[in-house]
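> Let me begin by handing over the structure; questions about it come next.
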Amino acid sequence: MIVEKSTKELEHSQLALTITVDSKSIEEAYEERLKKYQKELTLPGFRKGKTPVSVLEKKYGDSIREESTFALLESSLEEAYKDLDDKQKPLPYSTPVLQDEEKLVPFKKGEDVTFTVHYDVRPTVDVKDYKNREFEIDGVEVTDEDVNAEVEKIRETNAITRSKDGALEKGNIATIDYVELDKDGNEVASTERKGFTFTLGSGYNYYMIDEDIVGMKKGDEKIIEKTYSDDVTGPLKGQSIKLKVKVNEVKVRELPELDDEFAQDVKEEYKTLDDLKNAEKAKLLKEVDEALKNIKITSLMNKLVEETKFNVPQSMLDAHLEQNWRQFISQSGLDEKTLNKFMQMQGESKESILAQWKEGAEKELREQLILDAIKDKENFQVNEEEFNKRCEEDLKNVAEENKEFYKEMLKDDMQYAMVVPFLLENNNFKEGKEKKSYKEFFNK
């Protein structure tokens, strides 16, 4: 069927595949299609299946030849892919585009047909200098202050509250009823709130009356008159109000003593307060270590993306954006139609969202392709025992005839996972002269 085949690399990670199909195969396909239509078509004056081939050719010959030849070209294309190197095969989401179709038709009897398709291929990524590079990153230290702050959070979560007989102080918890009064002293029903609870000093109340109720006791009532300055944001700005307040309950939060007993209450394995502090410090150090790993690999990948020049195929980018869009829909908890309507109300659309994502998506793909190229260059060897264990666990429900295919995928995934640790180990990351505390580093 195929008498000649050639490939040519094009710009933007595309390939031109040219195939010549012999005239004999074309005629055989044409004759087969003629016989098929002879059996199926009924023409005036002839019974079904009895139309002479000559009559059929005269009326529909050109159309049948075109149909049969294009079908043969498509099957020859699939056949040609089998002998191509993986790097020359079309990407799964790339549709081959037939070139100069108008020059191919009408197909002529007894002539070979040569045609060319263009399609996207996996880009060639020649990544260099990914080892033995130097980068300066932030130095981070976990201070006693950072550890104490974490212990204090645990202490806060273990606090207990109890009723208090005395006057309200900052830090106490108050449960109050309140309502605004108009200029004649009448209650404004729409402003009434009963059983409102907040901590004095937190500022978590609409009227900002923390200071005004300090000293009040359970059962006390008070009319508070306030004028809000123009510096206040919100509807109270520049307003004067009267607010009737009644204190229903006063509570105090009691924090546990910072001692060995407290540490043992937090976790049975802790015997002393120092055990708790050491555990918290270890947790913070681990958090810092993970964050620094991300900074290190980001620093290196930014450089490699900048230095490694190649084109990301449009079909690959479109598929990645569509995958992100599907994930976005899933996370929204809405169906696509409802989400589109909601976005339209905000002046957005799928197209505008994808346009915003495009730059980031392309960078993600560049990073993935660079990491994949490093994987191939280094040819990492997976641990055979671990690989067999993963195969046993992950492929237990896969049909036997498909297992080899999925084993290769699994092996590739395991090799890919080895790239980042390899890069961290084979590059130099120096700490800056000044160290940040944990709090500064995480902007807490």
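The values are calculated or read from the model by the stated rules, or taken from the named source; none is laboratory data. Model, not experiment: these values are computed from the prediction. Quick reminder, even Gly has a Cβ in these numbers, built from the backbone with ideal geometry, and neighbours come from all protein chains shown. Only protein heavy atoms, including side chains, enter the accessible area calculation; ligands, DNA and RNA are left aside. Shrake-Rupley method; radii C 1.70, N 1.55, O 1.52, S 1.80 Å.
> Quick one: what pairs do we get from region 350-366, first residue part of a helix (DSSP H, G or I), second of a type in the set (S, T, Y), C-beta under 8 Å, 6+ apart or different chains?
R366/T308
> Further question on the same structure: Which of the numbered conditions does Y204 fail, given that it passes all the others? Conditions: (1) modelled with pLDDT of 95 or more; (2) among the aromatic types (F, W, Y); (3) not in a strand (DSSP E or B).
Only one criterion is unmet by Y204, namely (1).
> Turning to a different aspect of this structure: Would you mention how many residues in region 249-283 are touching a Gly at 6+ places or on another chain (Cβ under 9 Å) and surrounded by 15 or more Cβ atoms within 10 Å (Cβ to Cβ)?
Qualifying residue count for the region: 2.
> Right, next: Of everything in region 96-135 that's of a type in the set (D, E) and in a strand (DSSP E or B), which residue is most open to solvent (accessible area, probe 1.4 Å)?
E134
> Next question. Mind checking whether some residue in region 398-415 is more than 30 Å from T124 (Cα to Cα) and of a type in the set (S, T, N, Q)?
no
> Look at N324 and say whether it is within 30 Å of Q14 (Cα to Cα), at pLDDT 95 or above and in contact with a Phe, Trp or Tyr (Cβ under 8 Å, 6 or more places away or on another chain).
So N324 passes the test.
> Which of the residues that make up region 1-34 are in contact (Cβ under 8 Å) with a residue 12 or more places away in the chain, open to solvent by 50 Å² or more (accessible area, probe 1.4 Å) and not in a strand (DSSP E or B)?
Matches in region 1-34: M1, E11, H12, E32, R33.
> Okay, moving on. Quick one: what pairs do we get from region 205-216, first residue among the acidic types (D, E), second in a loop (DSSP other than H, G, I, E, B), C-beta under 7 Å, 6+ apart or different chains?
D210/L200; D210/G201; D210/G203
> R33 fails exactly one of the following numbered conditions: (1) at pLDDT below 85; (2) closer than 23 Å to E111 by Cα; (3) basic (K, R). What is the number of that condition?
It fails just one condition, (1).
> Let me ask something additional. Mind listing whichever residues of region 381-396 are of a type in the set (K, R), at pLDDT 90 or above and either over 10 Å from K407 (Cβ atoms) or not in a helix (DSSP H, G or I) (or both)?
The one that is of a type in the set (K, R), at pLDDT 90 or above and either over 10 Å from K407 (Cβ atoms) or not in a helix (DSSP H, G or I) (or both): K389.
For every residue, the table says whether it meets (1) more than 24 Å from the chain's Cα centre (by Cα); (2) farther than 30 Å from F429 by Cα; (3) in a helix (DSSP H, G or I).
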residue	(1), (2), (3)
F262	yes, yes, yes
K281	yes, no, yes
L285	yes, no, yes
V288	no, no, yes
K303	no, no, yes
N311	no, no, no
Q331	no, yes, yes
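> Could I ask something else about it? Say whether the condition of being closer than 21 Å to N294 by Cβ, open to solvent by 100 Å² or more (accessible area, probe 1.4 Å) and part of a helix (DSSP H, G or I) is met by at least one residue in region 416-429.
There is at least one residue in region 416-429 that is closer than 21 Å to N294 by Cβ, open to solvent by 100 Å² or more (accessible area, probe 1.4 Å) and part of a helix (DSSP H, G or I).
> Return a yes/no flag: does region 79-88 have any residue that is loosely packed, with under 12 Cβ neighbours inside 10 Å and of a type in the set (S, T, N, Q).
No: zero hits.
> Something else: Spot the failing condition for M216; the list is (1) modelled with pLDDT under 95; (2) closer than 22 Å to R162 by Cα; (3) part of a loop (DSSP other than H, G, I, E, B), and only one is missed.
With (1) modelled with pLDDT under 95; (2) closer than 22 Å to R162 by Cα; (3) part of a loop (DSSP other than H, G, I, E, B) applied to M216, the lone miss is (1).
> Quick check: is even one residue across region 389-402 open to solvent by less than 60 Å² (accessible area, probe 1.4 Å), without any contact (Cβ under 8 Å) to a residue 40 or more places away in the chain and either among the acidic types (D, E) or in contact with a Leu (Cβ under 9 Å, 6 or more places away or on another chain) (or both)?
Scanning region 389-402, I find at least one residue that is open to solvent by less than 60 Å² (accessible area, probe 1.4 Å), without any contact (Cβ under 8 Å) to a residue 40 or more places away in the chain and either among the acidic types (D, E) or in contact with a Leu (Cβ under 9 Å, 6 or more places away or on another chain) (or both), so the answer is yes.
> In addition: State whether the residues of region 58-68 include one that is within 30 Å of P313 (Cβ to Cβ), under 53 Å from the mean Cα position of the chain (by Cα), in a helix (DSSP H, G or I) and not aromatic (F, W, Y).
no
> Just one of S229, S240 is farther than 18 Å from E152 by Cα, out of contact with any strand residue (DSSP E or B) (no Cβ under 6 Å at 6 or more places or on another chain) and of a type outside the set (A, V, I, L, M, F, W, C); which is it?
S229
> Would you check which residues across region 164-185 are open to solvent by 50 Å² or more (accessible area, probe 1.4 Å) and either modelled with pLDDT of 95 or more or within 24 Å of G234 (Cα to Cα) (or both) and list them?
Scanning region 164-185 gives D182, K183.
> Quick test for you: out of K407, K435, K375, K439, pick the one residue that is in contact (Cβ under 8 Å) with a residue 24 or more places away in the chain and either in contact with a Phe, Trp or Tyr (Cβ under 8 Å, 6 or more places away or on another chain) or closer than 29 Å to P313 by Cα (or both).
So the residue among K407, K435, K375, K439 that is in contact (Cβ under 8 Å) with a residue 24 or more places away in the chain and either in contact with a Phe, Trp or Tyr (Cβ under 8 Å, 6 or more places away or on another chain) or closer than 29 Å to P313 by Cα (or both) is K375.
> Considering only region 35-56, state which residues are without any contact (Cβ under 8 Å) to a residue 24 or more places away in the chain and either surrounded by 15 or more Cβ atoms within 10 Å (Cβ to Cβ) or aliphatic (A, V, I, L, M) (or both).
Within region 35-56, Q38, L41, L43, T51, V53, V55, L56 qualify.
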